[in-house]
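For reference, the structure discussed in these notes is given below.
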């Protein structure tokens with residue numbers, strides 16, 4: 001059978017192509033792209049499938065895809081670059097440059113707390129509509145006035161959407177620009193990567209589709225998974241309970257039950273954090289969201305561009321090596337108050353944990369960020385590896401989706 005996968009793959013990384021083709025052959029994909037850099041050399045640039053289920057439009061080499069929470073690493077990098085330039089102190093009080101943030105007992109909050117999910121503001125206190133979320137100053141002001149759910153710095157919990165308007169306010173106040181504008185100006189001018197995309201980019205981007213919910217320990221299984229429009233996609237399918245100490249296929253039923261209950265409980269921290277603001281009609285295909293460029297989950301990018309961002313991080317072309325080393329140093333690790341599993345964060349970057357499952361070879365030095373529905377972006381300074389994978393068929397949180405894991409595992413195996 002002729003493969004629908006196109007592009008370039010260095011023979012040494014043939015295992016990545018094999019894993020990518022297998023994902024399509026098994027019916028786990030609608031459309032997707034994967035890219036890998038070994039040092040400055042692009043060794044994998046593959047794509048295939050359908051970019052838009054409704055029209056049948058094919059995925060092309062330059063097709064951008066929504067990256068969900070992979071965006072957070074880009075936003076954090078923008079904030080870190082300003083700290084490196086001396087605009088503010090990472091461990092200094094936020095109230096030095098954002099006086100209003102001291103309200104409701106948050107006066108001890110530092111910028112590092114904002115960047116490492118320790119601010120105690122994992123969710124908005126009221127429902128926020130997609131149109132409102134296009135105003136970063138307004139949403140930042142709302143969070144500044146809000147009472148924290150824990151004392152900032154005393155615990156951590158995934159700030160799934162609020163993160164963007166907290167870390168993003170660092171960028172806005174110290175540069176006078178939105179996160180998207182700052183990123184384009186400072187380090188993504190030559191990359192097909194946007195946080196707040198123009199209409200022509202939105203028009204040619206991949207459209208997200210959600211797979212029908214399947215069994216808790218299964219994958220999105222071939223013909224059992226029928227894609228449909230992602231009107232109300234699960235925002236953070238990237239937080240599946242993969243243990244860093246066991247196979248990702250080992251998903252304890254009791255933990256899955258608690259996660260499922262929390263995900264659907266409107267009062268739970270998880271539900272409140274993942275689903276507010278709501279993207280509105282069309283879900284994360286909504287042009288209102290894509291134009292606004294939510295700094296937590298609003299990026300459109302091609303897989304090669306996202307991998308190239310990490311390539312440039314490793315090469316010291318964006319941040320100084322010492323800045324990056326400090327940024328990926330774990331600041332918090334352990335039970336996550338939002339996600340109910342263990343998570344580990346540096347300053348905006350995920351480190352291997354139950355929310356960021358990596359092969360054994362990556363667990364000491366890899367960093368990056370996952371995105372809803374299976375997307376992943378990572379780099380490894382020890383291995384000299386940068387990887388990005390962007391699919392448009394989303395899996396549900398309760399499905400042990402291993403697409404990204406297989407690709408990452410294959411990339412690391414190709415280095416030996």
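The figures follow:
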{"item": "Helix axis angle, 303-314 relative to the chain longest principal axis, alpha carbon, degrees", "result": "50 degrees"}
{"item": "Between helix 253-264 and the chain: long-axis angle, C-alpha atoms, 0 to 90°, nearest 10", "result": "60 degrees"}
{"item": "Hydrodynamic radius by Kirkwood, which averages 1/r over all alpha carbon pairs of segment 304-416, in angstrom", "result": "14.5 Å"}
{"item": "At 0.692 mPa s and 37 °C, Stokes diffusion of segment 1-109 via Kirkwood alpha-carbon radius, µm² per second", "result": "186 µm²/s"}
{"item": "Proxy reagent accessibility, fewest Cβ within 10 Å first, across 6, 29", "result": "6, 29"}
{"item": "Residue exposure sequence - 8, 117, 278, 174 - by fewest surrounding Cβ within 10 Å", "result": "8, 278, 174, 117"}
{"item": "Between 0 and 90°, nearest 10: helix 162-175 axis offset from the chain longest Cα axis", "result": "70 degrees"}
{"item": "Taking the convex hull of Cα positions in segment 333-388, its mean projected area over all directions (nm²)", "result": "4.0 nm²"}
{"item": "Cα-based convex hull volume of segment 304-364 per residue, rounded to whole Å³", "result": "104 Å³"}
{"item": "Rg/Rg_ref, segment 249-365, where Rg_ref = 2.2 N^0.38 Å and atoms are Cα", "result": "1.27"}
{"item": "log10 of Debye I(q)/I(0), alpha-carbon scatterers only, for segment 72-177 at 0.10, 0.17, 0.22, 0.23 Å⁻¹", "result": "-0.23, -0.71, -1.24, -1.37"}
{"item": "Residues 360, 267, 89 arranged by fewest to most Cβ contacts within 10 Å", "result": "267, 360, 89"}
{"item": "Rotationally averaged projected area of segment 146-210 (alpha carbon convex hull; nm²)", "result": "7.1 nm²"}
{"item": "Among 109, 358, 55, residue whose mean-square fluctuation peaks in a GNM of the chain (springs only between Cα atoms under 10 Å)", "result": "55"}
{"item": "Fraction of beta bridges assigned by DSSP in the chain that are antiparallel (%, nearest 5)", "result": "95 percent"}
{"item": "Relative contact order [Cα under 8 Å, 6+ residues apart], the chain, whole percent", "result": "26 percent"}
{"item": "Descending semi-axes in whole angstrom, ellipsoid equivalent of the chain, from the Cα gyration tensor", "result": "30, 23, 21"}
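Just so you know, all these numbers are worked out from the coordinates, no wet-lab data involved. Computed from a prediction, not measured in an experiment: that's the story for all the values here. Don't worry about glycine lacking a Cβ; one is built from the backbone with ideal geometry, like all the others, and counts go over all protein chains shown.
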